[in-house]
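Structure, as structure tokens:
Please treat every number below as a calculation from the coordinates, not as lab data. Since we're looking at a predicted model, the values are computed, not measured. As a convention, Cβ positions derive from the backbone with ideal geometry for all residues, glycine included, and neighbour counts pool all protein chains shown.
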């Protein structure tokens, strides 16, 4: 059995959608019905009242992202869709990690958190909750290092992305 470590091609699509009940369900149902593999999906309020901004990371190449954007355009509550995969973008993900700690391991955990420019947001006698922001590789690297101490819980937001201003 051969295992390939080839990186899966992904594409980034953003959409401005009406902020009302059922919209996200219609979008995810459409993606599911057509068999698109979604790596990440994040949605939140936008700068415009009553509109939300959605970021979806789809696995596949140009052909897949073209189909996804065409299908999204057909949905009545979708106002605008952009494939920003090839644009100059900023993308981030937020992760919260609850790591087991003792008085003996706490300083080492604090050093790792500092190196990765993450934050400690809660400390108890048995654990530390860490907030990390960055790209997928940074979050994964920190998580791998912290797993040596024992991670009891991880929550990740999914990737959000935005175009950089053109100069």
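Across all directions, the shadow cast by the convex hull of the stretch 91-163 built on its C-alpha atoms averages 4.5 square nanometres. Note on 155, 30: ascending count of other Cβ atoms within 10 Å places them as 155, 30, the fewest first. Shown here: the stretch 38-135, whose C-alpha atoms stretch 57, 32, 21 Å along the first, second and third principal axes, sorted largest to smallest. Taking Cα atoms only, the orientation of helix 23-33 departs from the longest principal axis of the chain by about 80 degrees. Residues considered: 35, 150, 61. Largest GNM mean-square fluctuation over the chain, using C-alpha springs under 10 Å, is found at 35.
Using only Cα coordinates, the Kirkwood hydrodynamic radius of the stretch 10-83 works out to 12.2 Å. This ranking places 62, 136 by how few other beta-carbon atoms lie within 10 Å of each, fewest first, which gives 62, 136.
Helix 62-74 and the longest principal axis of the C-alpha atoms of the chain enclose an angle of approximately 70°. Put one equal scatterer on each alpha carbon of the chain, apply the Debye formula with no solvent term, and list log10 I(q)/I(0) at q = 0.11, 0.14, 0.15, 0.20 1/Å to two decimals. Here the Debye-derived log intensity ratios amount to -0.58, -0.84, -0.91, -1.19.
With a cut-off of 13 Å, note down the residues of the stretch 128-167 whose backbone N falls inside the zone around a label point 7 Å from the Cα of residue 89 toward its beta carbon. Only 136, 159-164 pass the distance filter.
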